[in-house]
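A short worksheet on the structure shown next.
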Amino acid sequence: MTKFTDLALRVTMRLAVLEPGESLTTRQVAEAMAIPYNHTAKAIARLRHLGVVEARRGRGGGLGLTGLGRTASIGWLVRELEGEEEVVTCEGETPCPLRAACGLRGALRSAQQAFYASLDPITVEQLVSSSSRPVLLALT
């Protein structure tokens, strides 16, 4: 999993513990999560594009999670953030000389599918309803 996906998941989790009507700015999220502002802004832009985060401008504005953001499957979210590409690339500019008889590609594809399948039943709400909630709320 890329650092970008990890960061986007952590931002989502922080926003998921906000009280109704409460919001945070991108800068507040970045500072609370100890993430560079530019990286946070890019993650939030991607999450907005996916419909997970909403942003309101002006007085009383800020960031919040959408209904989809609260109920989204972590497996779905990771797939959307990571893309559906395979773990290894056997073709390309310099094709792997083992590609005709290698079992690694299939084994890694199976492992990747198992990884996503293990995340599919978990929602964002479930992630933050456990012992992580007080920790996330304490971040300022």
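Cut-off 10 angstrom, C-alpha nodes, Gaussian network model of the chain. Which of 65, 127, 108 fluctuates the most?
108
Per residue, how much space in cubic angstrom lies within the convex hull of the C-alpha atoms of the chain?
125 Å³
How do 122, 44, 35 rank when sorted from fewest to most other Cβ atoms within 10 Å of their own Cβ?
Ascending number of Cβ neighbours within 10 Å: 122, 35, 44.
Taking the number of other C-beta atoms within 10 Å as the exposure measure, put 94, 2, 26 in order starting with the fewest.
Least to most surrounded, the residues fall as 94, 2, 26.
What's the center-to-center distance, using Cα atoms, between region 116-130 and region 87-102 in Å?
One Cα centre to the other: 34 Å.
Mind pulling the angle between the C-alpha long axis of helix 37-50 and the longest principal axis of the chain? Nearest 10 degrees, somewhere in 0 to 90.
Around 80 degrees separate the two axes.
Given Cβ point charges of +1 (Lys, Arg) and -1 (Asp, Glu) and nothing else, what value in debye, to the nearest 20, does the dipole of the chain about its Cα centre take?
420 debye
If you take the charge dipole of the chain about its Cα centre, with +1 on Lys and Arg Cβ and -1 on Asp and Glu Cβ, which of 127, 28, 68 is farthest toward its positive end?
28
Which trypsin sites (Lys or Arg not before Pro) from region 33-77 combine a DSSP loop assignment with at most 14 other Cβ atoms within 10 Å?
57, 59
Could you work out [θ]222 nm for the chain from helices alone, using -39500 (n - 2.57) per DSSP H run of at least four and dividing by all its residues? Round to the nearest 500 deg cm²/dmol.
Calculated from helices alone, the mean residue ellipticity at 222 nm is -16000 deg cm²/dmol.
The numbers here are math on the coordinates, done by the rules we state, and not lab data. Only a predicted model underlies this, so the values are computations on that prediction, with no experimental measurement involved. Cβ coordinates were reconstructed from backbone atoms using ideal geometry, including for glycine residues, and neighbour counts include every protein chain displayed.
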